[in-house]
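Take a look at the structure below.
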Amino acid sequence: MTAFSLDPGQIAWCAELRTLAAQHLRPLADKGEPGHVNRPLVAELGRLGLLSRLFTSGALDLCLMRESLAQVCTEAETALALQGLGAHPVHAYGTAAQREHWLPRVADGGAVAAFALSEPGAGSDAAALALRADEDGTGTGTGGWRLTGEKCWISNAPEADFYTVFARTAPDAGARGVTAFLVPADRPGLTGSPLDMLSPHPIGALAFDAVPVTADDVLGEPGQGFRVAMNTLNLFRPSVGAFAVGMAQAALDATLAHTARREAFGGPLKDLQTVAHQVAEMALRTEAARLMVYAAAAAYDEGASDVPRRAAMAKLLATETAQYVVDAAVQLHGARALRRGHLLEHLYREVRAPRIYEGASEVQRAVIAKELYRRTEPTRETGPA
């Protein structure tokens, strides 16, 4: 297997995923209530064995799952991705007790996970988060803290069963002063409220009023939470790109079918050179993005040293490409694409957010530049005297 092709088994698996999505997941997604966790859909993802693969597969498999599901049912793709994003820190950094309690429930769809990093004043600048973890003064000797502050723009909030929460345990220490905690939703002092967003899944705000946590709730090591967050994002950023590629492919497929049968100016739209060239450009960009996503995922699975750069490039190119492709598809379909319930109307709403979450496009460019310069040896500029 290379970074630029799939073997026959992988191709067959992707086709099987699309079939499962059409037959089992799409009907449940259609019955869901916008703005709320679709628990029957999450449970079905568990029953089909897709959630358990989040903890047994590599980055490329995650990308293939997300791309394949997104082509048929973006709601199922997002439900799967959020389970993975919220629970991956538990899988990768949790204690045996944390993993044994939560991961089987996530895998069977019985527990809904969430990744709580963003705050009202710390979105793209994740190192600036202000949620405080103050040492608990109860004198119990448990090594506890009290969480005080807010989280915002959290997917699956306020309906998740537990949150991976990043809080500041050391003031004025930047990224070095952050600790990751596993916080069950029923912890005293934790409340949440929904936000009315352009999204079919819930997004909400969380308020922490001296929420108690102990050393048993820490994910990884105290003070190492930023590393937990960034390593999780390095895994999931290429797969956000895969989600985008799946949406782009769905828009491209719809456009091919539409322009082949739609008659205008004495023949099918596909016979107009401007239309044919537009479709070719859409296909070119989609394939380029797909290859970069696969390459970034393969690099992650191989433990390459340049994963942050590759992950940022993959997410940036794929999400920007999907925006372009979906917009072009809407233009070629005309007014019918804007009718409520049309596939492209749905994709047009879905495609915008991935350019912002898990690091906005501007952040990805900053990561790419930082990684490029970090690998450049300082040289003394010389020239004529």
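The values are calculated or read from the model by the stated rules, or taken from the named source; none is laboratory data. Computed from a predicted model, the values in this text were never measured in an experiment. Backbone-built Cβ (ideal geometry, glycine too); neighbour counts: all protein chains shown.
Below, the figures for the structure above:
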{"item": "Unmet requirement for Ala205, which otherwise passes all of (1) touching a Cys at 6+ places or on another chain (Cβ under 7 Å); (2) at pLDDT below 95", "result": "(2)"}
{"item": "Condition broken by Thr255, with the remaining ones in (1) assigned to a helix (DSSP H, G or I); (2) β-branched (Val, Ile, Thr); (3) surrounded by fewer than 21 Cβ atoms within 10 Å (Cβ to Cβ) satisfied", "result": "(3)"}
{"item": "Residue in region 155-162 that is in contact with a Leu (Cβ under 6 Å, 6 or more places away or on another chain), closer than 30 Å to Lys31 by Cα and either surrounded by fewer than 20 Cβ atoms within 10 Å (Cβ to Cβ) or among the aliphatic types (A, V, I, L, M) (or both) present", "result": "yes"}
{"item": "Cross-chain or 6+ apart pairs with Cβ under 9 Å, region 260-272 first and surrounded by 10 or more Cβ atoms within 10 Å (Cβ to Cβ), then acidic (Asp, Glu)", "result": "Leu269/Glu263"}
{"item": "Residue within region 174-185 that is closer than 15 Å to Ala207 by Cα and in a loop (DSSP other than H, G, I, E, B) present", "result": "yes"}
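Conditions (1) hydrophobic (A, V, I, L, M, F, W, C); (2) not assigned by TED's automatic domain parsing to the domain that holds Asn156, marked per residue:
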site	(1), (2)
Ile203	yes, no
Ala207	yes, no
Ala210	yes, no
Val213	yes, no
Asp216	no, no
Asn231	no, yes
Phe236	yes, yes
Val240	yes, yes
